[in-house]
1. Consider the stretch 134-147. How many of its residues are under 21 Å from the mean Cα position of the chain (by Cα), farther than 18 Å from residue 85 by Cβ and surrounded by fewer than 19 Cβ atoms within 10 Å (Cβ to Cβ)?
2. Conditions first: (1) surrounded by fewer than 13 Cβ atoms within 10 Å (Cβ to Cβ); (2) over 22 Å from residue 138 (Cα atoms). Residue 8 passes all but one, so which condition is the exception?
3. Counting only residues that are closer than 26 Å to residue 43 by Cβ and assigned to a loop (DSSP other than H, G, I, E, B), which one in the stretch 157-171 is modelled with the lowest pLDDT?
4. Has the stretch 83-103 got any residue that is crowded, with 16+ Cβ neighbours inside 10 Å, in a loop (DSSP other than H, G, I, E, B) and either outside the structural domain of residue 19 (by TED's automatic domain parsing) or modelled with pLDDT of 85 or more (or both)?
5. Which members of the stretch 113-137 meet the condition of being in contact with a helix residue (DSSP H, G or I) (Cβ under 7 Å, 6 or more places away or on another chain), at pLDDT 70 or above and in a helix (DSSP H, G or I)?
6. Condition (residue is assigned by TED's automatic domain parsing to the domain that holds residue 15, in a strand (DSSP E or B), touching a residue at least 24 places away in the same chain (Cβ under 8 Å) and over 8 Å from the mean Cα position of the chain (by Cα)) applied to the stretch 57-74: is it met by at least one residue?
């Protein structure tokens, strides 16, 4: 099972607790002859929060986590038991010692909208290609096998130069 890691930095004793928060945006609209209609307007970005523990050199371990938090770009978040998620590291809080030479901390990540998977009406997972992206770079970005991604998309003739904005079906 994969360990908790962000941008390739592993934290072997974390997380102790994980919270995944997903929400839908709803709109309420008046109907012509009275009453209202509620319509789904999309989804909010996935938020991942939780707690973890650092051990050993607490100042050094927290500094390593803080360096990741301070970076302005998004990266791959790997949580035990979950598929990789492209996220921004949005909050970090040291909570205090939970034991000798153990520092508990809280974290929050928010899904990067540029890398969010799209769940189609049929339940089929897909993604949109970004400017200059190939099927190989998309596979790396989403953490899927490139050969399986190419096989799932026979409509894309050249995996090295697909059209920007193309819908790519995920294996």
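The values are calculated or read from the model by the stated rules, or taken from the named source; none is laboratory data. Remember, predicted model here, so these are calculated numbers, not experimental data. Note that we place each Cβ from the backbone using ideal geometry, even for glycine, and neighbour counts take in every protein chain shown.
1. Here is the first cut: in the stretch 134-147, the ones under 21 Å from the mean Cα position of the chain (by Cα) are 134-146.
With farther than 18 Å from residue 85 by Cβ added as a condition, the list becomes 134-136, 146.
Subsequent filtering for residues that are surrounded by fewer than 19 Cβ atoms within 10 Å (Cβ to Cβ) retains 134, 136, 146.
Adding up the residues that qualify gives 3.
2. (2)
3. Once the filter is applied, the top-ranked residue is 171.
4. No: the stretch 83-103 contains no residue that is crowded, with 16+ Cβ neighbours inside 10 Å, in a loop (DSSP other than H, G, I, E, B) and either outside the structural domain of residue 19 (by TED's automatic domain parsing) or modelled with pLDDT of 85 or more (or both).
5. 135, 136
6. Looking through the stretch 57-74, none of the residues is assigned by TED's automatic domain parsing to the domain that holds residue 15, in a strand (DSSP E or B), touching a residue at least 24 places away in the same chain (Cβ under 8 Å) and over 8 Å from the mean Cα position of the chain (by Cα).
This table checks each residue for (1) assigned by TED's automatic domain parsing to the domain that holds residue 73; (2) more than 19 Å from residue 84 (Cα to Cα); (3) loosely packed, with under 12 Cβ neighbours inside 10 Å; (4) in contact (Cβ under 8 Å) with a residue 40 or more places away in the chain.
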| site | (1), (2), (3), (4) |
| --- | --- |
| 13 | yes, no, no, yes |
| 17 | yes, no, yes, no |
| 22 | yes, no, yes, no |
| 26 | yes, yes, yes, no |
| 31 | yes, yes, yes, no |
| 34 | yes, yes, yes, no |
| 37 | yes, yes, yes, no |
| 45 | yes, no, no, yes |
| 50 | yes, no, no, yes |
